[in-house]
Amino acid sequence: MEQYAIEMKGITKTFGKVIANHDVNLQLRKGEILALLGENGSGKTTLMNMLSGIYFPDHGSIKVNGTEVSIQSPKDAFDHGIGMIHQHFKLVDVLTAAENIVLGLKGGITIDRKSTNKKVKELGDKYGFDVDPAKKIYNMAVSEKQTVEILKVLYRGAEILILDEPTAVLTPQEVDKLFAVLRNMKEDGKSIIIITHKLHEVLSISDRVAILRKGEYIGTIETATANQSTLTEMMVGHAISLEIKHPEVEQGPEMLRVHDLTCLNSEKVKALDGVNFSAFGGEVLGIAGIAGSGQKELCEAIAGLYPITGGTVLFRQKKDGVEVMENIGGQDAQNIHKKGVSYVPMAFVPEDRLGMGLVASMDMVDNVMLRSYKDNKGFFVDRKPPKELSEKLIKDLEIVTPGVSTPVRRLSGGNVQKVLLGREISFGPDVLVVSYPVRGLDINSSYKIYDLLNEQKKKGVAVIFVGEDLDVLLEISDRILVMCGGKVSGIVNAKETTKEELGLYMIKVGGGKEEIA
């Protein structure tokens, strides 16, 4: 009888009336990489949180190396050799890599930094990590921070590792390096569970794939016998097309022109440094870059939410029947919105849906009304139009909600994104800026968002799409602007470039080429 590193049987977890996991069975073999797939809300993270000690199951049992155990805290999980690397890193920025790795372990008041650095370096070299133990976290790239997180659990003796969306913000080259390390760890006898929405990565790195659907276990299949279509059908319950549509639209006029845009962050360091580009009607301009390369600041500066110190942001507007490019750089969002009402409307969908985009405690009607309530005359707000618009969005975008009076915080991530995007496009923008619109969404919700963006493109809207999945950017974009260190590294034709070329642009201005396409 085969002995598993992990065996979960009949796991059930509920939160009030919500059943997150129901009678789930999962087995992880020793020395294998198991991919865990499922749509948003399928219970993947909840299941792994029970394995890592964050939650405790209502029913069911967990065996580690054939022995039934009770995991009631992350410490219990570590004691059983289980470590989880979360999507959002839990590091102290002002400490070094080595200091973060040993933080919380038993010891004296002081640490022997030389000895600790040596041990961390040796551990990194063993598996192929490129790590500087003495480097401060705030000086690290995203991939380096992830390396520290992985080494942190390995240093504590973890034999079973759980990685939640580990490639979400990595370049293709960094993904290749990570996968090489994971294979080295597998050869060393480590057992690994990887959660990801990227099917091509699942097929590339895993030995088997376990699928959850609506909190229930569907099955586990050998990766060698799977393809993207079969995995998608198991996740969703029916076959769906995996092709992102790319409608051919004649390029329209220049809608937005950004010239020599410069912004400083809170530490007076350039977050944007001399950014130049144009966006045209009837195109999707993709924006790629490693996290923290200036994408967030660029979107917010265009929307009037981030102060600029130099350069111009010009929109196409009509004045006295003549179309002109007018500078709105340096003006706040309210002034830009006022200009948009009578000239060029602009819509902005931020990456922080419930922080910047919507108010979590408010219902759909009130959130829709946030976009237009200042247009009302008098003391009272007419709720009828936003209610009708909310009901139309529910029907047109297939938003799953008990009703327009339900607080948006109770909706799934995909439905929250549909509410936000639907509200913005309902006002007929000429420029639509969307930042990571499908981050964390399941495949069904993601493709619905792609369709919405393509519909705007066909209407002649200039769509600016900030994304992290290079495969998606290549499929949906007409041109791709790549950022590196707050600068424009390159602007390329999506049909004529590759992921590898984009990856080079993401880590070096110019991508090693003399000319930018």
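Only the coordinates and a few stated rules stand behind these numbers; no lab work does. Bear in mind the structure is a predicted one, so any value in this text is a computation, not a measurement. Heads up, the Cβs are rebuilt from the backbone with ideal geometry, glycines too, and the neighbour counts pull from every protein chain shown.
Some notes on this structure:
- Considering helices alone, the calculated mean residue ellipticity of the chain at 222 nm is -9500 deg cm²/dmol, with DSSP H runs of length four and up weighted by -39500 (n - 2.57) and normalised per residue.
- Degrees, to the nearest 10: 142-155 long Cα axis against longest axis of the chain: 20 degrees
- Inter-label distance, ASP207 to LYS75: 3.3 nm, where each label sits 7 Å from its Cα along the C-beta direction.
- Debye, to nearest 20: dipole size of the stretch 45-141, +1 on Lys, Arg Cβ, -1 on Asp, Glu Cβ: 360 debye
- Placing unit charges on the Cβ atoms only, positive for Lys and Arg and negative for Asp and Glu, gives the stretch 4-236 a dipole magnitude near 500 debye about its Cα centre.
- Antiparallel content of DSSP bridges confined to the chain, in %, to 5: 60 percent
- Label-to-label distance for ARG409 and ILE111 is 3.6 nm, based on points extended 7 Å past Cα in the beta-carbon direction.
- Exceedance of the 32 Å cut-off in Cα-Cα distance is limited, within the set LYS9/LYS152; LYS106/LYS508; LYS106/LYS136; LYS418/LYS495; LYS126/LYS268; LYS418/LYS508, to LYS106/LYS508; LYS126/LYS268; LYS418/LYS508.
- Between ILE54 and LYS508, the simple label model (points 7 Å from Cα in the Cβ direction) yields a spacing of 3.8 nm.
- Counted charge near GLU475, where neighbours are those whose Cβ lies closer than 12 Å (Asp, Glu -1; Lys, Arg +1): -1
- Fewest-first ranking of VAL69, VAL482, using other Cβ atoms within 10 Å as the exposure measure: VAL69, VAL482
- To the nearest ten degrees, helix 384-396 and the longest principal axis of the Cα atoms of the chain are 50 degrees apart.
- Only Lys, Arg, Asp and Glu carry charge here, each on its Cβ (+1 for the first two, -1 for the last two); on that basis the stretch 354-427 has a dipole of about 120 debye about its Cα centre.
- Restricting the stretch 1-82 to GluC sites (Glu not before Pro) in coil, as DSSP defines it, with at most 10 other Cβ within 10 Å: GLU2
- Reducing the stretch 383-447 and the stretch 104-141 to their Cα centroids gives an inter-centroid distance of 45 Å.
- The angle between the Cα long axis of helix 113-127 and the main principal axis of the chain comes to about 90°, on a 0 to 90 degree scale.
- Counted charge near VAL69, where neighbours are those whose Cβ lies closer than 11 Å (Asp, Glu -1; Lys, Arg +1): -3
- Most to least packed among 267-279, 464-476 [average Cβ atoms within 10 Å]: 464-476, 267-279
- Under 10 Å, Cβ to Cβ, from GLY38 - net charge with Lys/Arg +1 and Asp/Glu -1: 0
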